[in-house]
Amino acid sequence: MRAADLMVAAVWLSVASAVSLWLAYGGLNQVTDPASAITAVGIVTGLVGTDLILVMLVLAARIPAIDRVVGQDKTMAFHRRLGKPALYLILAHAVLLTVGYAM
């Protein structure tokens, strides 16, 4: 397995960890009606979007171990590819929470 593939797997693991922690602490227990379901989806999009932003910060930090294994060019390319999904998730987080709480 290439180092870039391991980096992608680590990002997916990070996202899965964030969502599984939300589930482990009773996230789905609070879903009782459509409004709470929309709010729950808003919370999950916020968790995933924030996680991707943190991954982007780590990638842009030029950590020597990451640069040595993957290379700075590939790291920054992956950083750029995460930008739009992270932005869209954070925007969806704001919209879904506003709609969910308004309902």
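We did not get these values from a lab; they are worked out from the coordinates using the rules stated. All figures in this text were calculated on a predicted structure; none of them were measured in a lab. Using ideal geometry, Cβ is built from the backbone for each residue, glycine included, and neighbour counts are taken over all protein chains shown.
Summary of values
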| item | result |
| --- | --- |
| Net lengthening on full extension, Met103/Arg62 (0.36 nm per residue, minus Cα-Cα) | 10.4 nm |
| Candidate values (i) 49, 25, 18; (ii) 84, 39, 18; (iii) 35, 35, 25, label of the one derived for Cα extents along the principal axes in Å | (i) |
| Crossing angle, helix 34-60 versus the chain [Cα axis fit, 0-90 degrees, rounded to tens] | 20 degrees |
| Dipole moment magnitude, nearest 20 debye, the chain about Cα centre, only Lys, Arg, Asp, Glu C-beta charged | 380 debye |
| Expected 222 nm ellipticity per residue - DSSP helices of 4 or more, -39500 (n - 2.57), all of the chain, to 500 | -29000 deg cm²/dmol |
| Net charge of neighbours whose Cβ lies under 15 Å from the Cβ of Gly49, counting Lys and Arg as +1 and Asp and Glu as -1 | +1 |
| Value of relative contact order over the stretch 5-87, rounded to a whole percent, pairs C-alpha under 8 Å and six or more apart | 29 percent |
